[in-house]
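Contents: one structure, followed by commentary.
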Amino acid sequence: NAGVTQTPKFRVLKTGQSMTLLCAQDMNHEYMYWYRQDPGMGLRLIHYSVGEGTTAKGEVPDGYNVSRLKKQNFLLGLESAAPSQTSVYFCASTPREGASHYGYTFGSGTRLTVV
Amino acid sequence: AQSVTQPDIHITVSEGASLELRCNYSYGATPYLFWYVQSPGQGLQLLLKYFSGDTLVQGIKGFEAEFKRSQSSFNLRKPSVHWSDAAEYFCAVALYGNKLVFGAGTILRVKS
């Protein structure tokens with residue numbers, strides 16, 4: 001039972017490069033989320049999806065794009081990386097019944113450094 | 001706006017001592033509240049949750065939390081801390097629209 005799997009686990013980018021972070025869940029969860037974690041700031045929501053083919057902006061969406069072409073996958077893209085995007089990125093999911101009752105299941109994170 | 005405040009950035013306790021981590025929320029309706037733990041280099045693991053009923057909830061690893069509506073608080077407690085409890089702890093509230101809002105976290109250090 002894999003749960004939520006994030007790839008890659010670590011990555012170093014140069015300023016201006018692009019990359020895609022992959023999140024895959026095998027729990028048939030309806031909702032998926034991307035958060036970033038920075039020291040002293042907790043987790044901040046970047047984008048989220050309420051179902052296959054849907055995406056929505058969160059609290060800090062600038063500089064990121066997302067896609068959810070398949071229910072089990074949620075991709076986070078950085079088109080032109082900036083040092084301010086150095087962070088740890090977490091993917092999370094929750095079933096149709098909602099985060100209120102179940103909370104989230106988290107992936108193990110992707111540590112991204114932009115130099 | 002809805003928010004979660006964890007007043008303590010760092011807390012250090014001796015092994016075997018009791019622990020209380022504070023969490024205050026700002027939310028108009030009945031809140032759905034959560035505590036998560038993050039060990040170094042790991043993702044977040046759910047410790048416990050509250051959404052109705054008994055205001056004292058039990059979680060995994062010997063943790064409990066008490067919901068106090070009058071104080072807008074949901075403090076996490078453990079009677080006797082073990083060295084393996086050293087981690088970062090996050091309080092969260094669930095909003096309409098199935099999103100969680102997290103506090104800034106409290107880093108727990110355990111000294112032997």
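Here are a few things to note about the model shown:
- Residues satisfying the criterion are absent from the stretch A:70-84 (criterion: facing another protein chain (nearest Cβ under 9 Å), under 16 Å from the mean Cα position of the chain (by Cα) and under 23 Å from B:TYR96 (Cα atoms)).
- Flag for A:LYS57 being open to solvent by 30 Å² or more (accessible area, probe 1.4 Å), at pLDDT 95 or above, in contact with a His (Cβ under 7 Å, 6 or more places away or on another chain) and charged (D, E, K, R): yes
- Positions within the stretch A:39-50 being open to solvent by less than 20 Å² (accessible area, probe 1.4 Å) and either on the phi < 0 side of the Ramachandran plot or in contact with a helix residue (DSSP H, G or I) (Cβ under 9 Å, 6 or more places away or on another chain) (or both), in sequence order: A:LEU43, A:LEU45, A:ILE46, A:HIS47, A:SER49
- Among (1) free of Cβ contacts under 8 Å to residues at least 60 places away in the same chain; (2) at the interface with chain B (Cβ under 9 Å from one of its Cβ atoms), the one test that A:GLN6 misses: (1)
- Here is the figure for the stretch B:31-46: residues that are within 15 Å of A:THR94 (Cβ to Cβ), open to solvent by less than 20 Å² (accessible area, probe 1.4 Å) and modelled with pLDDT of 90 or more total 3.
- Selected residue (only one of A:THR113, A:THR94 is touching a residue at least 60 places away in the same chain (Cβ under 8 Å), crowded, with 17+ Cβ neighbours inside 10 Å and not acidic (Asp, Glu)): A:THR94
- Total residues in the stretch B:73-90, condition among the polar types (S, T, N, Q) and open to solvent by less than 40 Å² (accessible area, probe 1.4 Å): 2
The values are calculated or read from the model by the stated rules, or taken from the named source; none is laboratory data. None of the values given here were measured: they were computed from a predicted structure. Methodologically, a virtual Cβ is constructed for each residue, glycine included, from the backbone with ideal geometry; neighbour enumeration extends over all protein chains shown. These area figures cover heavy atoms from the full protein model, side chains too; ligands, DNA and RNA do not enter into them. Shrake-Rupley method; radii C 1.70, N 1.55, O 1.52, S 1.80 Å.
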